[in-house]
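The values are calculated or read from the model by the stated rules, or taken from the named source; none is laboratory data. Predicted model, so just to flag it, every value in this text is computed and none were measured. Ideal geometry is used to build each Cβ from the backbone, glycine not excepted, and the neighbour counts take in all protein chains shown.
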Amino acid sequence: MRTIAITAGKGGVGKTTFVANLGLALTKLGFRTAVLDANFTTPDIATHFGMEPETTIWDVLGGENIEDAIYEHNSGLHILPGAVKMPKKFSKDTYKKLKRKAKNLKYDFLLIDTPAGLADDAKAALMPAKEVLLIANPEWPSIMNAGKAAAVARSMKKKVIGIALNRSMVHEYEPKESAIEEILAIPVLQVIPEDINVRKAIVLNNPVVVSYPQSSAAISIMELAGKLSGVDYKPKLGFWQSLINFLGLGSF
């Protein structure tokens, strides 16, 4: 099982939205996939799917069976949600227990949504993962914060597999991928375009990969899923949809 933590040096980059969609993309490619919400203070994974779970990963850490906190989306993706009500307290030991619980899961991919930032909870949430995928917006402050998160991950002996740049406007003011790779010594795996359909999908509680599968953002995330899994993903688009995506207009 590939256990990948998705993290950012700072909040507001679209990390949880990205995790939800990447999990769906891997599922669509035929991989048994689960997403785990390890953000105990502000868990949002369930919200992206319109869920109101009765049993959460916090209940599992309190002694419940982990199977009782697994919910299956109609796509086949499995979701282990966090508790909407913030737990009274947690510590590094909480995440050690989470690591032990997660070790018993049987998936091709387990994606872990971590707290944003570089505080102790964000560092501890990396413990269950073997690999770390960074996400940032295509601007230097966000990118450098991601670089700090990468340094933390490396200090914990985690493999940093790359960085995804989210909400790209593809203009001259955005840093070049080559410059980012040179400074961070991390490959840029994917550039995900700004796409109004992502926001539409959030309103629908149905992530963009399934609600607007031919949108530019959905296709980009599917391409990243292909790169992570070794699948040669080729989108099938008609002429007009290809033109719309090329012009950065999203989809109909």
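Annotation: Pro81 fulfils all but one of (1) under 24 Å from Lys123 (Cβ atoms); (2) touching a Gly at 6+ places or on another chain (Cβ under 6 Å); (3) of a type outside the set (A, V, I, L, M); the unmet one is (2). Restricting the search to the range 217-242, which residues are at pLDDT 95 or above and among the hydroxyl-bearing types (Ser, Thr, Tyr)? Within the range 217-242, Ser220, Ser229 meet the criteria. Are any of the residues in the range 38-51 closer than 24 Å to Leu224 by Cβ and charged (D, E, K, R)? Yes, the range 38-51 has at least one match. Among the residues of the range 13-45, those identified as modelled with pLDDT of 95 or more and over 22 Å from Ile163 (Cβ atoms) are Thr27, Lys28, Gly30, Arg32, Ala34. Just checking, does the range 19-29 include any residue being in a loop (DSSP other than H, G, I, E, B) and either crowded, with 22+ Cβ neighbours inside 10 Å or out of contact with any Lys or Arg (no Cβ under 6 Å at 6 or more places or on another chain) (or both)? Yes - at least one qualifying residue is present in the range 19-29. Does any residue of the range 37-49 turn out to be in a loop (DSSP other than H, G, I, E, B), without any contact (Cβ under 8 Å) to a residue 24 or more places away in the chain and surrounded by fewer than 23 Cβ atoms within 10 Å (Cβ to Cβ)? No; the residues of the range 37-49 include none that is in a loop (DSSP other than H, G, I, E, B), without any contact (Cβ under 8 Å) to a residue 24 or more places away in the chain and surrounded by fewer than 23 Cβ atoms within 10 Å (Cβ to Cβ). Contact map, the range 92-115: first residue farther than 14 Å from Ile66 by Cα, second residue of a type in the set (Asp, Glu) and crowded, with 18+ Cβ neighbours inside 10 Å, Cβ cut-off under 7 Å, separation 6 or more or different chains; pairs are Asp113/Asp37; Pro115/Asp121. Contact list please: Cβ distance under 8 Å, first residue in the range 136-156 and under 10 Å from Leu126 (Cβ atoms) and in contact (Cβ under 8 Å) with a residue 60 or more places away in the chain, second residue part of a helix (DSSP H, G or I) and not β-branched (Val, Ile, Thr), pairs at least six apart or on different chains. Correct list of pairs: Ala149/Ala122. If the condition is being under 12 Å from Ser229 (Cα atoms) and either among the small types (Gly, Ala, Ser) or in contact with a strand residue (DSSP E or B) (Cβ under 6 Å, 6 or more places away or on another chain) (or both), then the range 24-34 contributes Ala25, Leu26, Thr27, Gly30, Phe31, Thr33. Filtering the range 202-222 to residues that are in a loop (DSSP other than H, G, I, E, B) and small (Gly, Ala, Ser) leaves only Ser215. Within the range 182-193, residues that are at pLDDT 95 or above reach partners that are of a type in the set (Ser, Thr, Tyr) with beta carbons closer than 7 Å, at six or more positions or on different chains, in the pairs Gln190/Ser220; Val191/Ser168; Ile192/Ser168; Ile192/Ser220; Pro193/Ser168; Pro193/Ser216; Pro193/Ser220. Among the residues of the range 174-201, those that are surrounded by fewer than 17 Cβ atoms within 10 Å (Cβ to Cβ) and assigned to a helix (DSSP H, G or I) comprise Glu177, Ser178, Ala179, Glu181, Glu182, Ile183, Ile196, Arg199, Lys200.
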